[in-house]
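Readers should treat all values here as calculations from the given coordinates under stated rules, not as data from a laboratory. All values reported here derive from a predicted model rather than from experimental measurement. Here the Cβ positions follow ideal geometry from the backbone for every residue, glycine too, while neighbour counts run over all protein chains shown.
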Amino acid sequence: MKLKQLVSPETLSQIDHWITKYPTTQKQSAVLPVMMLVQDEHHGWLTNELIEAVADYLGMSHIAAYEVVSFYTMFESQPIGKHKISVCTNISCQLNGAEKIVDHLEKRCGTKLGETSADGKFTLREVECMGACIRAPMLEYNKQYYESLTPEKVDELLETMK
Ligand code: FES
């Protein structure tokens, strides 16, 4: 199926907007924002059909599109939970208590890092440095950073997730 048949007119218009930011011969340069828009519209993950439709739309090979999706942790190629929480465990966060945050999240969410809870509510992801080391430890949820985390702050955040 073509991308036009797989996304809403609003999303297609945003995709086309991103494409105009690059030379017409370099449409594939827009692959990251385009994949993100498509993923956002499809419950936070990308099927093979979607990945290939994006590749076709941008004039790039399917394998190159699969490489992008498998390389970046922000993309998912399997169904995920309702709430995806990405926790940084890189050096600054680790030195400032990321392990405690991960333990707390795993207990509260009922799942392990890299997995989805049995009730489908939470997916926990481990990510590399997200450039917020100055306020480590941190996590990303719903495209927002939550920094200088403590178990109490994690609890407050989880309370907002219905
Ligand atoms: S090490 Fe965690 S944000 Fe940089």
Ratio of the stretch 83-159's C-alpha Rg to 2.2 N^0.38 Å, to two decimals? 0.97
Does the stretch 65-110 come out rounded, prolate or oblate by the C-alpha gyration tensor, with a ≥ b ≥ c the root eigenvalues, rounded set by a/c under 1.5 and, if not, prolate when a/b is larger than b/c and oblate if not? oblate
With the Cα gyration tensor of the chain in hand, give its eigenvalues times 5 under a square root as the equivalent ellipsoid semi-axes, listed largest first in whole angstrom. 32, 17, 13
Taking the Cα centre of each part, how many Å lie between the stretch 147-162 and the stretch 33-48? 26 Å
Pull up the DSSP beta bridges for the chain and report the antiparallel fraction as a percent, rounded to 5. 55 percent
Can you tell me, using C-alpha contacts under 8 Å and at least 6 residues apart, the relative contact order of the stretch 83-159 as a whole percent? 38 percent
For residue 126, enumerate residues with amide H under 5 Å from its amide H, sequence gap 5+ or separate chain, H modeled in the peptide plane. 87, 114
In the stretch 83-159, with Lys and Arg counted as +1 and Asp and Glu as -1 at Cβ, which of these residues, 97, 130, 110, has the Cα nearest the positive end of the dipole, that is, farthest along it? 130
Mean ellipticity per residue at 222 nm, deg cm²/dmol - from DSSP H runs of n ≥ 4 across the chain, formula -39500 (n - 2.57): -13000 deg cm²/dmol
To the nearest 20 Debye, how big is the dipole of the chain about its Cα centre, given +1 on the beta carbon of each Lys and Arg and -1 on that of each Asp and Glu? 160 debye
Compare the Cα positions of 87, 7, 59 along the charge dipole of the stretch 1-124 (+1 at Cβ of Lys, Arg; -1 at Cβ of Asp, Glu; about the Cα centre) and return the one farthest towards the positive end. 87
Across 27/84; 82/162; 21/84; 21/82; 2/84, pairs whose alpha-carbon gap is larger than 21 Å: 27/84; 21/84; 21/82; 2/84
In whole µm²/s, the translational diffusion coefficient that Stokes-Einstein assigns to the stretch 3-71, given a Kirkwood hydrodynamic radius over C-alpha pairs, 37 °C and 0.692 mPa s, equals 279 µm²/s
